[in-house]
Amino acid sequence: MKEKAYTLNDRKWRIIGIPLMGTVIAVMIAFDEFLKLSQHFFLSVLFSTLLTLTFWEGNRRIIIWMRRIFPEYGQTGRRVAAEAVLAVAYVFLVSLLLDELYYKPVYHVSALAIGFRISIVPTVIVYLVYEAVYFFDAWKMNVRKTEALMRENVQSQLEVLKNQLDPHFLFNSMNTLAALIDDENTAAQDYLERLSDVYRYVLVSRNKNMVLLSEEIAFVDAYVYLNKIRFRENLQVEKRLSAATMAQHITPLSLQMLIENAIKHNAASRENPLHIVVRDDGDGYLVVENNVSEKTILEKSTRVGLQNIINRYSLLTDREVEVKREEARFIVRIPLLTQLTK
């Protein structure tokens, strides 16, 4: 799985903050020399600025590293705790090296304790500024994505269910129709039962952002059954999924839409059946692939489009939906989701 690239847009902060903080610390340490504006004070400013640069840049790398490991809004506590431990260790290590390489050889005295206490001040300030800005930006992004996901769900519902009848009326009608079908006509009874399952799943899952893959697979099985009545063995759907994969989540109706797209865009015949494979790739993705045998006239689809699924996944995870067209194969990879989303 590719690691998400992460950078900090903080060039102005560093250009202004490092010399400013170095000067402030020098004033605090050598206030009497500051009042005289002596050469010793300016040397203190230079030394303090170099130290601030060392601490700022080192802790900045720690911040970037921790945000790559704990990028989620809900992982703030773990990220801050890890940063605190690493920051203290880094400040202590730099203070120890400074003590051994400078204070002891030059002044013949250890300044580790006071150096550590002084150095921890700019470190705390740096972390407070970075984390406050990051937390606020993440909060705003989370609000925007929640609103966008709600809009996507509304659009999906309107597209999928725009001609929806009252559920009770429809299910009562199906029950009545089932009673009218001869008991010996098991094929018709099974077809009606699967049709009810499909409609029930659409109603139950339409307001959810994620569903278990096992639930979506059960729905897809019913959907494929309905289509196989039409296509018979000209339509073949193969599933290669582990138990661990079945316990992951995907966006509702996404797998069904990919199968429908394959049926919509490809011809299926006895000589050249449409073969769809649903499998996991061991890399956190669900793969849906099919052989390509394009129709000359495409059927009209009433389901959500592939772009809608791409948009919905972009609001739930940093991992992208991958679409690949080969000469004889069409492949779509959708990320498997956990309850911890961005």
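The values are calculated or read from the model by the stated rules, or taken from the named source; none is laboratory data. Since the structure is predicted, the reported quantities are computational estimates derived from the model, not experimental observations. Virtual Cβ from ideal backbone geometry, glycine too; neighbours counted across all protein chains shown. These area figures cover heavy atoms from the full protein model, side chains too; ligands, DNA and RNA do not enter into them. Shrake-Rupley method; radii C 1.70, N 1.55, O 1.52, S 1.80 Å.
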Problem set entry | Condition check for residue 35: among the hydrophobic types (A, V, I, L, M, F, W, C), part of a helix (DSSP H, G or I) and at pLDDT 80 or above | no
Exercise. What single numbered condition from (1) open to solvent by less than 50 Å² (accessible area, probe 1.4 Å); (2) more than 16 Å from residue 127 (Cα to Cα); (3) modelled with pLDDT under 75 fails to hold for residue 99?
Worked result: (3)
Exercise. Any chance region 227-247 includes a residue that's open to solvent by 10 Å² or more (accessible area, probe 1.4 Å), of a type in the set (Gly, Ala, Ser) and assigned to a loop (DSSP other than H, G, I, E, B)?
Worked result: yes
Problem set entry | Residue, nearest to residue 330 (Cα to Cα), within region 267-283, restricted to residues that are open to solvent by 10 Å² or more (accessible area, probe 1.4 Å) and either among the polar types (S, T, N, Q) or modelled with pLDDT of 90 or more (or both) | 275
Exercise. With respect to the numbered conditions (1) outside any loop (DSSP other than H, G, I, E, B); (2) modelled with pLDDT of 75 or more; (3) open to solvent by less than 80 Å² (accessible area, probe 1.4 Å); (4) not acidic (Asp, Glu), which one is the sole condition not fulfilled by residue 209?
Worked result: (1)
For this session: Hey, can you tell me all the residues within region 48-89 that are over 24 Å from residue 12 (Cα atoms) and of a type in the set (Ser, Thr, Tyr)?
Result: 73, 76
For this session: Could you tell me which of the residues 27, 80, 88, 109 is free of Cβ contacts under 8 Å to residues at least 60 places away in the same chain, aliphatic (A, V, I, L, M) and outside any helix (DSSP H, G or I)?
Result: 109
Problem set entry | Residue identified as closer than 30 Å to residue 327 by Cβ, at pLDDT below 85 and not small (Gly, Ala, Ser) among 294, 233, 238, 289 | 294
Problem set entry | Selection within region 45-58 - out of contact with any Ser or Thr (no Cβ under 6 Å at 6 or more places or on another chain), more than 12 Å from residue 19 (Cα to Cα) and open to solvent by less than 30 Å² (accessible area, probe 1.4 Å) | 58
For this session: Could you tell me whether any residue of region 252-266 is open to solvent by 30 Å² or more (accessible area, probe 1.4 Å) and small (Gly, Ala, Ser)?
Result: no
Exercise. Just wondering, is there one or more residues in region 38-53 that are in contact (Cβ under 8 Å) with a residue 60 or more places away in the chain and under 39 Å from the mean Cα position of the chain (by Cα)?
Worked result: yes
Problem set entry | Filtered residues of region 40-51 (kept if polar (S, T, N, Q) and at pLDDT below 80) | 44, 48
